[in-house]
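Participant: The following block contains the structure, expressed as structure tokens.
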Amino acid sequence: MGEDVDPEAVADNLAALANPLRIRILLALAETRRPSWDHRGMSYSDLRSAVDVEDGGRFNYHVNELRDQFVRGEEGRYWLTTAGSRVVDEVYARTFSGSHEPISGPVDWTCPADEEQLEATVEDGIITVSCPNHGVLFDMTLSFNAYRDRDLDELFAWANRRALWYLESVSWDVCPHCSGHLGGPNLAARRPESDAGVETLPGDTSTLVMAGTYCRECGVSFRIPAFFYALTRPPAVAFLHDHGIDYRTLELEYGSTSWDFESEELDDGVLVRLAIGDERLEIELDGALDTRSYRRAPLTEGE
Ligand SMILES: [Zn+2]
Ligand SMILES: [Zn+2]
């Protein structure tokens, strides 16, 4: 995992950032992204006046320290490399300077199992939402910028969107942390002892099939109910839509009370049944969790 990462080279590159003037140079160059994301860069004199450095030798020295890795220059113009742009994004996201003061309080959601009001805590960039009886139901990383001018309900709603985005990314075989390829997936029927929290999902979780996978680059592993993968598939998105549920607003981790579901492990895949109102959708996923087949039928049929 990550065998081709050279810690010496990374340390050298990061050392080039460790200077306030160089950070100001990166931020000044990022200003050229304002009119268009496809930024064209800045002339030497504009850049120098933007960071307001009298001493030309000192300015050149610091620009040169950033060159190649974070800044590129040609014919008297300078622009950010992708790495330089990413550093600026993280600077603006307050990743290196964000607040570590925890905030907590009740949110406008209730536990699907016992209807207790949920409590949220945001600390060190992680939102944790818990039920007084069931413990932690949900957690997700947030940018420090997300805290600014948003209350806990808004943060929880955003964290849910982010969980959905994580799921989409994993179901496209892209690690949401580093964009590496994922291994697996391995399907396994639920082991109840290791799944505290899953019991609060609505529907029949006695047959819950979990899909485990891990990133081949950064090693992060994911264990996600196979049911969630089925939700991202077009037949499920359409089914939800036809029953008045917008897929993009799903609250995944602690469930919705508006449907029932079950999942069943097959020899070479998983069968997911989703029921809303008087209709049922069955989706069969193969061992790679791709859609093999689906059918919709009135609930009364074959009951
Ligand atoms: Zn609860
Ligand atoms: Zn990864």
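Laboratory data are not the source of any read-out in this text; all were calculated from the coordinates shown. Since this is a predicted model, take the numbers as computed values, not measurements. Because the Cβ atoms are built from the backbone with ideal geometry, glycine has one as well, and the counts that use them run over all protein chains shown.
Participant: When only C-alpha pairs under 8 Å and at least 6 residues apart count, what is the relative contact order of the chain, in percent?
Facilitator: RCO, the chain: 11 percent.
Participant: Could you let me know the centre-to-centre spacing of region 216-237 and region 44-115, using Cα atoms, in angstrom?
Facilitator: 32
Participant: Would you mind getting me the FRET efficiency between D149 and V91? Use the beta-carbon distance for r and R0 = 25 Å, nearest 0.05.
Facilitator: 0.85
Participant: Please compute the modelled spin-label separation between T82 and A288, points set 7 Å along Cα→Cβ, answer in nm with one decimal.
Facilitator: 2.5
Participant: Given Y78, L137, F156, which one lies farthest toward the positive end of the charge dipole of the chain, if we put +1 on the Cβ of every Lys and Arg and -1 on the Cβ of every Asp and Glu?
Facilitator: Going by the Cα projections, it comes out as Y78.
Participant: Same structure again: Where does helix 152-171 land angle-wise versus the long Cα axis of the chain, in degrees 0 to 90, nearest 10?
Facilitator: 80
Participant: Additional query: For the residue pair T110 and D268, what label-to-label distance in nm results when each label sits 7 Å from Cα along the Cα-to-beta-carbon direction?
Facilitator: Distance between the two pseudo-spin positions: 4.6 nm.
Participant: How much length is gained if the chain between H181 and D4 is pulled fully straight, taking 0.36 nm per residue apart and subtracting their Cα-Cα distance, in nm to one decimal?
Facilitator: Between H181 and D4, full extension yields an extra 62.3 nm.
Participant: Let me ask another. Given the Cα-Cα distance of Y61 and V174 and 0.36 nm per residue of separation, how much length would full extension add, in nm?
Facilitator: Length gained between Y61 and V174: 36.8 nm.
Participant: Using a basic spin-label model with each label point 7 Å from the Cα along Cα→Cβ, how many nm lie between L14 and E123?
Facilitator: 2.5
Participant: Semi-axes of the chain's equivalent ellipsoid from the Cα gyration tensor, sqrt of 5 times each eigenvalue, largest first, rounded to whole Å?
Facilitator: Working from the Cα gyration tensor, I get semi-axes of 46, 22, 18 Å.
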